[in-house]
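Here the structure is laid out as structure tokens; the discussion comes afterwards.
The values are calculated or read from the model by the stated rules, or taken from the named source; none is laboratory data. Computed from a prediction, not measured in an experiment: that's the story for all the values here. All Cβ positions, glycine included, derive from the backbone under ideal geometry; neighbour counts span all protein chains shown.
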Amino acid sequence: MRAYVAVVLALVSVAGTAQAQSMNAEEFHRRATALKAKGAMALFSGGEIKALMHEGQASGEAARQQRLAAEKAGQPRRYCPPPGPQKMTSDEFMQRLGAIPAADRAKINMTEATNRILAVKFPCGK
């Protein structure tokens, strides 16, 4: 379970280097859900944990960079977090990811999913 929490928390992390993403949001959701179902046995899924962490860090950083670029260009931002570090539990993140219909998750990458999740959690101008 601890490994699952680390994977999903890495997704919403704004630290790390943005790297190419390799899975869509539905695949991430399916794989993270399967990892959570393993419970403590997830600790033996090191390769899967690394793949999900990589994907999560890349998508979180890409969403952050898109927001900063829009702000710098004077364009509307998709989400507007309050100042300071923000937290989202793994359960909250997976619940929000699960709220995106599976058909939509299958068509979008994790950066888009992260942007959608953060837009609901941190709406602009409200």
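Brief remarks follow.
- Failed condition for Ala113, given (1) within 22 Å of Glu27 (Cβ to Cβ); (2) among the aliphatic types (A, V, I, L, M); (3) surrounded by fewer than 16 Cβ atoms within 10 Å (Cβ to Cβ): (3)
- Test for Asp104: is it in a helix (DSSP H, G or I) and either modelled with pLDDT under 95 or in contact with a strand residue (DSSP E or B) (Cβ under 8 Å, 6 or more places away or on another chain) (or both): no
- Pick from the range 30-84, criterion of a type in the set (Ser, Thr, Tyr) and crowded, with 17+ Cβ neighbours inside 10 Å, ranking: nearest to the chain's Cα centre (by Cα): Ser59
- Test set (1) under 23 Å from Met53 (Cβ atoms); (2) assigned to a loop (DSSP other than H, G, I, E, B); (3) not acidic (Asp, Glu) - Ala113 fails condition number: (2)
- Which numbered condition Leu97 fails, given (1) buried (at least 18 other Cβ atoms within 10 Å of the Cβ); (2) within 18 Å of the chain's Cα centre (by Cα); (3) modelled with pLDDT under 95: (3)
- The residues in the range 78-110 that are in contact with a Phe, Trp or Tyr (Cβ under 8 Å, 6 or more places away or on another chain) and either over 20 Å from Phe28 (Cα atoms) or of a type in the set (Ser, Thr, Tyr) (or both) can be counted, and the count is 6.
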